[in-house]
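Working notes, beginning with the structure itself.
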């Protein structure tokens, strides 16, 4: 009887991954539509909460939205999420963001992030780079709730304006310095 149980477990273990291979494309398709849907809802919330984002939307060549970035850590930490790039309301591609950290940290939080690309050259850089490290480029400015009521010419001179929003959880700091943004293909 023990031999039969082992054989059954081995058979199930071997067939499980094969069954998942067939469902992979269906999961990827729902993943893409889910990312797009969640990003649209996140942007809607941002526009309702911060009129500055509406100003940016009108001037931006493209918007990269990460509807949910999860950050967790206890001494060692990590964060990650998936997002969608839109240009004038049309989906142009999907991206992932990831980072790791080490230090005095503990907790879990999740938040949304919108990056407004203010000119076509900034979008081209995102497309051509093999992974873009946020914070490695001096042309990125991060705007938070504590920033001034309106943008000035210095803010708008940056090629990328980033706005974190919708923070939940318990963990200090939302810095994306060192986070790497790479192309994500949900259909593969």
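Note on segment 72-90: residues that are out of contact with any helix residue (DSSP H, G or I) (no Cβ under 6 Å at 6 or more places or on another chain) and farther than 14 Å from residue 180 by Cα total 12. Scanning segment 46-68 for residues that are assigned to a strand (DSSP E or B) and either more than 21 Å from residue 181 (Cα to Cα) or touching a residue at least 60 places away in the same chain (Cβ under 8 Å) (or both) turns up 62, 64.
For every residue, the table says whether it meets (1) outside any strand (DSSP E or B); (2) modelled with pLDDT of 80 or more; (3) closer than 15 Å to residue 57 by Cα; (4) more than 20 Å from the chain's Cα centre (by Cα).
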| site | (1), (2), (3), (4) |
| --- | --- |
| 126 | yes, yes, no, no |
| 137 | yes, no, no, no |
| 144 | yes, no, no, no |
| 149 | yes, no, no, yes |
| 155 | yes, no, yes, yes |
| 165 | no, yes, no, no |
| 169 | no, yes, no, no |
| 172 | yes, no, no, no |
| 176 | yes, no, no, no |
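The listed residues are 103, 80, and the only one of them that is assigned to a strand (DSSP E or B) and at pLDDT 80 or above turns out to be 80.
In the set 98, 61, 53, only one residue is crowded, with 20+ Cβ neighbours inside 10 Å and either closer than 18 Å to residue 140 by Cα or touching a helix residue (DSSP H, G or I) at 6+ places or on another chain (Cβ under 6 Å) (or both); that residue is 53.
The values are calculated or read from the model by the stated rules, or taken from the named source; none is laboratory data. These figures come from a predicted structure and were not determined experimentally. Neighbour counts are summed over all protein chains in view; Cβ atoms, including those assigned to glycine, are modelled from backbone coordinates with ideal geometry.
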